[in-house]
Amino acid sequence: MGFSLKNITAIVGGQWQGENPDASIDNVSIDSRSLQNGGNTLFFALSGPNNDAHKYIPELVSKGVSAFIVTKIPSGINANFIKVDDTLTALQTFAGYHRNEFDFPVIGITGSNGKTIVKEWLNFLLSPDFNIIRSPKSYNSQVGVALSVLGINQQHNLGIFEAGISLPGEMAKLEPMIKPTIGVLTNIGSAHDEGFGSQDEKVSEKLRLFSNAKIVICKKDLRIEKYLDSQVFSWSYDDKSADVFISKNTQQHRTYLNIEYRDLFLTVEIPFTDSASVENAVSCLMVLLYLNYDDQTIRERMSQLFPVEMRLKVKNGTHNSTIIDDSYSSDFQSLKIALDFLESQKHHGRKTVILSDIYQSGLSHQELYE
């Protein structure tokens, strides 16, 4: 990273107080528990409804941290401080500046479901050919995206980042940090899964991520394309006017995708049969086609796709039972996909669903539990 505190103060528009403005920063942190190298770390004291990280500053100073971005400077502590109006905004501004220091392709992924799976699969498919920086785990929030982007360094030549939103206006903060050159839209789902008043509002908000992208990869849908200024690279199961036309054939535990693209006719085998996994695999396949991968490489790598932890992962249970672990997220669209997947499993007659609260429903407490 190698930014001086003086430079960072200017980037985030803060006020400096300290003794060493030329000190170099190599890491940023928002979590006092995961601190690794205090001496060259800049700590952002984020404040939320349940926690204010300013209270950890004395403890962090004792661990060797000497640089902080804060909204209020504590008294009696000898350290370097950059005071700002909002520490989250400062973190995002710094991440956006850092992103602009690099000029390599970046794949930005959004949608109601499948973001993390598509990101992990693309990392697997492309890592033999690129040094990839990607969002860790499911870091797709206002904070997670910033931390992911700040991990970019000179060794990377491809970025893969996911963006998740739950309210109007949030994507406008994520887009400048990710600034994708290639966009991937997995699906839209229902407006009620998130805090949007209508499907149109949800679609237009998600697509803000691609406002500066060269190309957007998505299932062919005129409702989506009307919001896009970027070139669209579309696929379809039933519309031959799409750029890529796909027919599928399921046999036992595998699906065979018959691809028609320009003068190319290609059959690709993937180790999944449920519709959600197949569509996520198609999103990845479209990226390979766009990047001009050869037929053999596409077939070989797509056939090796794997389940992602806690996303429709099938495990053997006791007493001849089967467990489907889909505990990664909890919303109605994810539940519908999981139930469809459960229904496709034919080895057991009796089926049981174990649910927690569904917080990402867009419904009131009374409506949710009626």
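Condition test on residue 42, is it under 16 Å from residue 147 (Cα atoms) and either in a helix (DSSP H, G or I) or at pLDDT below 95 (or both)?
no
What are the pairs with Cβ atoms under 7 angstrom where one residue, in the range 143-165, is over 13 Å from residue 107 (Cα atoms) and assigned by TED's automatic domain parsing to the domain that holds residue 207 and the other, located anywhere, is basic (Lys, Arg) and crowded, with 24+ Cβ neighbours inside 10 Å? Sequence gap at least six, or different chains.
164/115; 165/206
Could you tell me how many of the residues in the range 136-170 are within 25 Å of residue 300 (Cα to Cα) and either surrounded by fewer than 22 Cβ atoms within 10 Å (Cβ to Cβ) or touching a Phe, Trp or Tyr at 6+ places or on another chain (Cβ under 6 Å) (or both)?
3
Residue-by-condition table, conditions (1) touching a Phe, Trp or Tyr at 6+ places or on another chain (Cβ under 6 Å); (2) not assigned by TED's automatic domain parsing to the domain that holds residue 172:
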residue	(1), (2)
74	no, yes
78	no, yes
81	yes, yes
106	no, no
109	no, no
113	no, no
123	no, no
126	no, no
133	no, no
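For residue 34, which of the numbered conditions (1) crowded, with 18+ Cβ neighbours inside 10 Å; (2) within 19 Å of residue 145 (Cα to Cα) fails to hold?
The single condition residue 34 does not satisfy is (1).
The values are calculated or read from the model by the stated rules, or taken from the named source; none is laboratory data. What you see is a predicted model; the values in this text were computed from it and never measured. Glycine gets a Cβ as well: all are built from the backbone with ideal geometry, and neighbour counts include every protein chain shown.
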